[in-house]
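Colleague: The structure that follows is given in the form of structure tokens.
Just so it is clear, none of the values below were taken in a lab; they were calculated from the coordinates. Keep in mind that this is a model prediction, so the values were computed, not measured. Methodologically, a virtual Cβ is constructed for each residue, glycine included, from the backbone with ideal geometry; neighbour enumeration extends over all protein chains shown.
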Amino acid sequence: MFIVHVHVRVKPESVEAFREATLANARSSVGEPGVARFDVIQQQDAPTRFLLVEVYRRAEDAGRHKETEHYQVWRDAVADMMAEPRSSVKYANVFPDDAGWG
């Protein structure tokens, strides 16, 4: 598995619009064959902060995700909603191993 945590801070006035656009992207993303999981998390004590937890079956699936129309629509829609550039951290799972993932 290849895991990406995308850290996002949006402008306060854009929180709801960001949520809507991001949920639409997430709903489409889970249908991609290379996506094992796609979580959208909002920080409770700082509602302008979001974490996208993207779990791909292989590293190359993350690249394919960025080629999809729904990702490109999301990327363009949320660009002006960001309070700062989003950042990402990439991980490899240690446990459970790949045998337990769909």
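Colleague: Step by step: first the residues of segment 1-46, then only those that are without any contact (Cβ under 8 Å) to a residue 40 or more places away in the chain, basic (Lys, Arg) and within 18 Å of residue 76 (Cβ to Cβ), then the one that is surrounded by the fewest Cβ atoms within 10 Å (Cβ to Cβ). Which residue is that?
Modeller: Checked segment 1-46; the qualifying residue surrounded by the fewest Cβ atoms within 10 Å (Cβ to Cβ) is 27.
Colleague: For residue 84, indicate whether it is touching a residue at least 40 places away in the same chain (Cβ under 8 Å) and part of a loop (DSSP other than H, G, I, E, B).
Modeller: yes
Table: residues versus (1) of a type in the set (Gly, Ala, Ser); (2) in contact with a strand residue (DSSP E or B) (Cβ under 6 Å, 6 or more places away or on another chain).
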{"residue": "12", "(1), (2)": "no, no"}
{"residue": "46", "(1), (2)": "yes, no"}
{"residue": "86", "(1), (2)": "no, yes"}
{"residue": "90", "(1), (2)": "no, yes"}
